[in-house]
1. Anything in the stretch 243-254 that is polar (S, T, N, Q) and surrounded by fewer than 17 Cβ atoms within 10 Å (Cβ to Cβ)? List them, or say none.
2. Identify the residue in the stretch 134-163 that is at pLDDT below 80 and surrounded by fewer than 22 Cβ atoms within 10 Å (Cβ to Cβ) and, among all such residues, is farthest from residue 184 (Cα to Cα).
3. List every residue pair whose Cβ atoms sit under 9 Å apart, with the two residues 6 or more apart in sequence or on different chains, where the first one lies in the stretch 227-251 and is closer than 18 Å to residue 345 by Cα and without any contact (Cβ under 8 Å) to a residue 40 or more places away in the chain and the second, anywhere, is assigned to a helix (DSSP H, G or I) and not charged (D, E, K, R).
4. Just for strands (runs of 3 or more DSSP E) wholly inside the stretch 369-454: which have at least 1 residues that are among the basic types (Lys, Arg) and farther than 16 Å from residue 355 by Cα?
5. If I go through the stretch 180-212 residue by residue, how many of them are of a type in the set (A, V, I, L, M) and over 14 Å from residue 270 (Cα atoms)?
6. Can we say residue 252 is among the polar types (S, T, N, Q) and at pLDDT below 90?
7. Looking only at the stretch 265-287, count how many residues are open to solvent by 10 Å² or more (accessible area, probe 1.4 Å), out of contact with any Lys or Arg (no Cβ under 6 Å at 6 or more places or on another chain) and within 25 Å of residue 337 (Cβ to Cβ).
8. Is it the case that some residue within the stretch 176-189 is modelled with pLDDT under 90, crowded, with 21+ Cβ neighbours inside 10 Å and part of a loop (DSSP other than H, G, I, E, B)?
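The values are calculated or read from the model by the stated rules, or taken from the named source; none is laboratory data. Worth saying up front: this structure is predicted, and the values here are computed from it rather than measured. As a convention, Cβ positions derive from the backbone with ideal geometry for all residues, glycine included, and neighbour counts pool all protein chains shown. What goes into the accessible areas is simple: the full protein's heavy atoms, side chains included, and nothing from ligands, DNA or RNA. Shrake-Rupley method; radii C 1.70, N 1.55, O 1.52, S 1.80 Å.
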Amino acid sequence: MNRNFIAVLFIIGMLLLLEWLPVKSAHAEDDIDSNPLFRLSLEELMDVTVFTASKTPETVSEIPASVVVITRSTIQDHGYTALSEILNDIPGYYMLGNLGIDVCGVRGFTKGSRDNNFVFLLNGNRITDERILAFYQIPVYAIDRIEVVRGPMSVIYGNNAFFGAIDIITNDATSTIDEPHFLTASYGSYNSREGFLRLSSSDNNSSFVINTSYQISDGPDYSLSAMMTRPEVMDEPLFEGEDGRGLNLPQSARTTDDYLGSHQLYLDVSMEHGPFTFTANVVESYRGWYYYYPSVSDGSYFLNRTAVGSLQHRFSISDKVRMSNRIRFQHVYAYYDYNHLFEDFYGWDRFDFQEIIAESNVYIEPSDPLRITLGAEYENVIRYINDTNVPIANLDNCTFYYVDDDDIAVTLSAFAQADLEITPNLKSVVGFRLEQSLPYDIRIARHQGSPPPEPPDPMDNEYTTTKERGDLIAIPRVALLYKIATNHHLKLMYGYAARRPGFSTIGEDANDIHDGIINGYSSYEYIQTREIYYLSLLTSGLVMM
């Protein structure tokens, strides 16, 4: 179906829905009056409540970490158009691109790999998708608040919380209480069109929020010769020009026209009633791209589909004990299509990832100065497959079962954290996490339907190997928070974080172990930090962090 036709139907449908709903005027109140954070003094801003740092409500001054909170009004005032723009404005945070995968760093440190250095959460649900910024663009209109916790967060969130945790909150019905429903539409460069619709409602016992958008763009149309120091190589035969860098490109491939188009459909739903909260999120993202060399023929593209659903139940066991249970399912499907170098070049990569995570958290307050949080998590990867067929790269109909179809990959973890108010001005935080991965099988099926390569490069077409039980790792956390005076807070923090190798890394290790290149699997990576953090209101208009 024609994309323009889909976009028109999408916008018409949203307009009809808004006509039916009781919508308040978009100009009912000024932003400063309508947003609660904008009505606070700077002193009160230091007591803004966030949830990401410990899965419980805490004020900024009480959290044993460096925290940044970005509100809906801040996003509107700065005119941000993409999630990546928002995050790149956070002090100390930066993002690097690595072949379509985002590598996040903070305070000058990064780890160049295919695994995230931050835990990304959407409404408290961890998103296990390394392309969250490049291809999983959450519309800025949907974002109510972003809570960024910088520093090792493995005690609370486990794997990948190397440099911190980022929770993107889109289901706060109170953030748009004066405008519960709104529609936006925009048109921009490269024939880019976007439509967005938000519906929300809230009362004392229940609420719902629905955000949906559709984005489409033709992409830029630039001449490749204007971007090349030696445009003449486009006329030289492939691999036969000067230095073997000829391209021999057809005329149709000498501009970016029709090669960098994109579209994305986004939907998230959140419903809360009494002790139950249900959330669901679906994203389909398509993007044309270049992979090392210019694309030819129909062009290269990347397709990503992600679906996440969770159900949470909260209840009180007694006046001093509360409990929260959550189960989450995620399915990520990614497809790369390659058309490079010459018109007969072809190839593709397909990734299929599915996991179930169940977690329980218990919050105990035996006395006023002491608060204890206990948690346990069961992570079950039920499927992770990479199908590859790039004959020119000697990847002829290969399938890498990073988790074999007949097996599952389970990781068990538990943590405890105690917050103790030693004196009215001094608070300590001590946390500890244990984590272990169980054995699972990996299967490699290479050159299916083809004979194995001849010596000197012999290989088995198919084999299965077992990833042994992982080490039991222990992750500590210690912090002291001292209130020097009113609006002057000092935080002394020690953090420890661990990151286990990703499944694709383990799959590559299995291949290299079988071929005799290495002797064992990659091990955990660790990081330690010692931090002094000073939060102060120096004058009536300056906050120092």
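1. 251, 252
2. 134
3. Pairs that qualify, where the first residue is closer than 18 Å to residue 345 by Cα and without any contact (Cβ under 8 Å) to a residue 40 or more places away in the chain and the partner is assigned to a helix (DSSP H, G or I) and not charged (D, E, K, R), are 234/224; 234/225; 234/253; 245/233; 246/233; 246/234.
4. Filter on the stretch 369-454 gives 370-390, 426-437, 440-445.
5. Number of matching residues: 3.
6. yes
7. Residues flagged as open to solvent by 10 Å² or more (accessible area, probe 1.4 Å), out of contact with any Lys or Arg (no Cβ under 6 Å at 6 or more places or on another chain) and within 25 Å of residue 337 (Cβ to Cβ) within the stretch 265-287 amount to 5.
8. The answer is no, given that none of the residues of the stretch 176-189 is modelled with pLDDT under 90, crowded, with 21+ Cβ neighbours inside 10 Å and part of a loop (DSSP other than H, G, I, E, B).
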